[in-house]
Every structure is written in C-alpha cells, then in structure tokens.
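The values are calculated or read from the model by the stated rules, or taken from the named source; none is laboratory data. Predicted model, so just to flag it, every value in this text is computed and none were measured. Positions of Cβ are backbone-derived with ideal geometry, glycine not excepted, and every protein chain shown enters the neighbour counts.
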Amino acid sequence: MKRCCPPNLSGNKGLFAAFIKLAHLLILWQLVDSRNHRSEYTLILDLHTHSIKSDDGRAKVGNYCQWIRSKALPIDGFVLTEHRQFDSESDYSALAEKFGLVILKASEVETEYGHVLVYGVTEALTRAFDFSSINLPLEMVLEASEKHGAVAVPCHPGRPRVGMFAHTDELGVPEGVRIVEIYNGGSRDDEDQISIENARKLGYLGIGGSDSHIVSHVGRCATKFAADISTMDDLVEALKGEDFEAVNFKH
C-alpha cells in the first residue's frame, strides 16, 4: 500500500503562496469571528420590580435573588422601582455579590398621564419634585429628569387609567417622551399590544419589566442590552444610547 504524502508545496511557488494566503485569511476570519461573538454578548435586566419597600410589595430582595438562581431565570439582574419614593437607604451590594446579580434602584412616580419609571435618581432630583405625589405633571417629571441626567419612562402605558395611552385622547401626546415600557409582566397581552402599536406609531423605543410585586413574577419581562451594566450610571448611559431591546418571557 502506498503512503499518502502531503503535496510538495515548496516545489510549486504559486501553490505555496496561495496556501500561505489562505492560512492568513483563516486566521483573520477566526479573529474577526471571536470579536463578533464578544460584541454580541447581551446582558438582560428586569427594569421594573417592587420589594416590601413599596406599599403593595410582598417580595424581599433576597428572595428575588434566590428565586432567580433556583429557577435559572434568563436575567442577569433587576432594578427596584419603588412606588412614590426613592429608597436611598437600602444597600443590596452584598446580595448582588453573593448571587452574582446586578441590583439597582430607581423609582416609580405618578403623573396625570399615569405611572412613570425614573432611572438615575439623584438627591438633587428628589428635591426637584415631590416623589410621593399622586398627580405630578408629566412635563415636569420629564424636564427635571433630563436636567438632572436621569431617564423617565412611562410604564405599562397600554393599561386603563394608570397608562399613558389611556390619557392621550383627552390630554394630547406629551412632548419629551423617548422610551416607554412595551412589555409589562403584570399587563394583559392586549394592553401590551396597545403599548407596542402606539410606541411604533409615535417612534418611541421600548423596554420591558416584570412589574413584580411577588417573588414568582420577577423576570416575566425584561430588557436586553449590548453594553455591560453594573451601575445605575451604566444603565442610564445605555438607555440614552438607545442600544437595547425589550424581551417577553411571559409565554
């Protein structure tokens, strides 16, 4: 039996040069491909949750963490958006480190157009308007948030009464809205659909959040980011950068 020997490339300069060029191309392709895989990495956060700090919340933050890990939920963390307040006192850094999760804090305030999530709350912003009010002017919330580097996002806008689109026929379409919550874990599918259709019509970007008040509801909806996020400043920058996508895990 004859042995199969590799071709003598050195005897054919043209073939040898082509082989070297192909090898270089393969190396370059592998390098580009690995970079593309890194850039495709996404971090998923539930941007709308409530703990026992909210008057209607029944979930402890530690229990959220345990549930996420025990159920292997496809989220990397969550944002606590307590009703009509900003919880400046609680420190969840130990829980975040223990469970390997991102845990951030924001607020949910109430306006004449319904409820609004505010990300990037500072001490100065808490003095700009009364977070405990149940009838804040949306225009003021939007303007103050922008002035202080925060991002205001009307949430569950497709719901009756507490959603923005329930009020636009009477009050008009508000100026200054850029992002709305199109997927909400506590909303019906038809309410989410109202949010999606109106956001598309008005050119709004969309986020997702579970609006969980009990542990088992966390992660029902969330938002996928291309950027790595570990602080509220990171989240605000990502929202302003418009590189995100709402995701729905309800079904």
- Item | Hits in segment 160-170 (condition: assigned to a helix (DSSP H, G or I) and either in contact with a helix residue (DSSP H, G or I) (Cβ under 6 Å, 6 or more places away or on another chain) or surrounded by fewer than 24 Cβ atoms within 10 Å (Cβ to Cβ) (or both)) | Phe165, Ala166, Thr168, Asp169, Glu170
- Query: Under the condition of being touching a Lys or Arg at 6+ places or on another chain (Cβ under 8 Å) and among the hydrophobic types (A, V, I, L, M, F, W, C), which residue from segment 216-239 is surrounded by the most Cβ atoms within 10 Å (Cβ to Cβ)?
  - Reply: Cys221
- Name the residues in segment 86-138 that are acidic (Asp, Glu) and in contact with a helix residue (DSSP H, G or I) (Cβ under 8 Å, 6 or more places away or on another chain), would you? Glu112
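Of all residues in segment 50-77, how many are more than 15 Å from Phe249 (Cα to Cα) and among the β-branched types (Val, Ile, Thr)? Before you say what the answer is, go through the steps one by one.
So the first thing to find is which residues in segment 50-77 are more than 15 Å from Phe249 (Cα to Cα), and the list is 50-67, 69-70.
In the following step, the residues that additionally are among the β-branched types (Val, Ile, Thr) were identified as 52, 61.
Residues that pass the stated criteria total 2.
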- Collect the residues in segment 66-90 that are farther than 28 Å from Leu136 by Cα and over 17 Å from the mean Cα position of the chain (by Cα), keeping them in residue-number order. Gln66, Trp67, Arg69, Ser70, Lys71, Ala72
- Can you tell me which residue among Gly203, Gly208 is closer than 21 Å to Tyr113 by Cα, surrounded by 19 or more Cβ atoms within 10 Å (Cβ to Cβ) and assigned by TED's automatic domain parsing to the domain that holds Val116? Gly208
- Item | Of residues in segment 167-196 being of a type in the set (Val, Ile, Thr) and under 22 Å from the mean Cα position of the chain (by Cα), the one farthest from Val153 (Cα to Cα) | Ile194
